[in-house]
Amino acid sequence: MTSRILAVLLIFAGGLSAEQHRQLALQHYAAEEYERAQRAFERALLENPENSELNLWVGLAIGRRVQTMSAFRRLGAMPLVARVKRQFEKAVALDGSNIDALDALMGFLLEAPGIVGGSKRDARGVAERIQAVSSAHGAYALGIWHEEVGEIEQACKQFELARERAPDNSSYLVAHAGFLARRGSHAESDDLFEAALARDPENPAVWLAAAKAWIGARRKSLYPRAKQLAERYLASPDRDPNGTPLFEVRALLKRVPR
């Protein structure tokens, strides 16, 4: 059911509840209608302002909205970018065990320019907070941080540690594989990706992680398989609602020669 049809049905059914606004927002988000998703999440938040997840979703929708703006429009969107950080911070303040919110805040701090609140030092502190909630995910977060600041040996140790602490979690397996691919250790990386694909063959996140690594490393011999996996991700109804956005996957596919 499209988000527009759902909206019409809910309107005719009477006033929308917070949960209905949330469901509608998720429909918009999945359809890459990020401004509409933001508005719907905000309406849900009005009824439940102390909800950590809703604060997180508002920030995510605004962030995606900014990502999809033209470069010219993005120049005037600094207040929106700053609001993304505030929403993530509020989500964390409301629930310090919300790993998704902690991940989002850490990602913002690593990627955003300092003028709107980015800070690698603060990102390290968030990674340590994640470690207090989950030792495996904390190791993964620290791996990301160490790689971002150029501490490659420490990053590798943390990605390995995440796998050791949660050996059945494919996300840490592919995170380590992706790291190795970025470092040029392709044989070891390929072994880990094959293990993840064999262990979790119906997981769209695993498909896309392999596709990203192979295309990013310009593994021409693996382009056909990477393309197949990325296209399968685009067509899957089982993607994580906040997984890699489709516009990024389409951009990734454009890097594969026809």
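The values are calculated or read from the model by the stated rules, or taken from the named source; none is laboratory data. Just so it is clear, the structure is predicted and the values come from calculations on it, not from any experiment. Don't worry about glycine lacking a Cβ; one is built from the backbone with ideal geometry, like all the others, and counts go over all protein chains shown. All accessible areas refer to the heavy atoms of the entire protein, side chains included, with ligands and DNA or RNA removed. Shrake-Rupley method; radii C 1.70, N 1.55, O 1.52, S 1.80 Å.
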(message) Going by what's in this entry, would A166 be described as closer than 25 Å to E128 by Cβ and either touching a strand residue (DSSP E or B) at 6+ places or on another chain (Cβ under 9 Å) or touching a residue at least 12 places away in the same chain (Cβ under 8 Å) (or both)?
(response) yes
(request) Check every one of the helices (runs of 4 or more DSSP H) wholly within the stretch 8-109 and list those with 3 or more residues that are open to solvent by 40 Å² or more (accessible area, probe 1.4 Å) and farther than 15 Å from P241 by Cα. (result) 34-47, 71-75, 78-94
(request) May I ask you to say which residue of A226, A217, A209, A177 is open to solvent by 30 Å² or more (accessible area, probe 1.4 Å) and in contact with a helix residue (DSSP H, G or I) (Cβ under 6 Å, 6 or more places away or on another chain)? (result) A217
(request) Scan the helices (runs of 4 or more DSSP H) fully inside the stretch 123-220 and keep the ones with 2 or more residues being of a type outside the set (S, T, Y) and under 23 Å from P245 (Cβ atoms). (result) 135-148, 170-182, 186-199, 204-216
(message) Quick check on my filter: what residues within the stretch 137-157 are touching a Phe, Trp or Tyr at 6+ places or on another chain (Cβ under 6 Å) and open to solvent by 30 Å² or more (accessible area, probe 1.4 Å)?
(response) Y140
(message) Can you confirm whether S221 is at pLDDT 95 or above and farther than 25 Å from H28 by Cα?
(response) yes
(request) For R199, indicate whether it is open to solvent by 50 Å² or more (accessible area, probe 1.4 Å) and under 26 Å from V249 (Cβ atoms). (result) yes
(request) Name the single residue, out of those in the stretch 42-88 being among the aliphatic types (A, V, I, L, M) and closer than 13 Å to L105 by Cβ, that is farthest from the chain's Cα centre (by Cα). (result) V84
(request) Output the residue which, of all residues in the stretch 110-128 that are surrounded by 18 or more Cβ atoms within 10 Å (Cβ to Cβ) and not small (G, A, S), is farthest from the chain's Cα centre (by Cα). (result) R124
(request) Name, by its number, the condition in (1) of a type in the set (D, E, K, R); (2) open to solvent by less than 80 Å² (accessible area, probe 1.4 Å); (3) touching a helix residue (DSSP H, G or I) at 6+ places or on another chain (Cβ under 6 Å) that does not hold for R232. (result) (2)
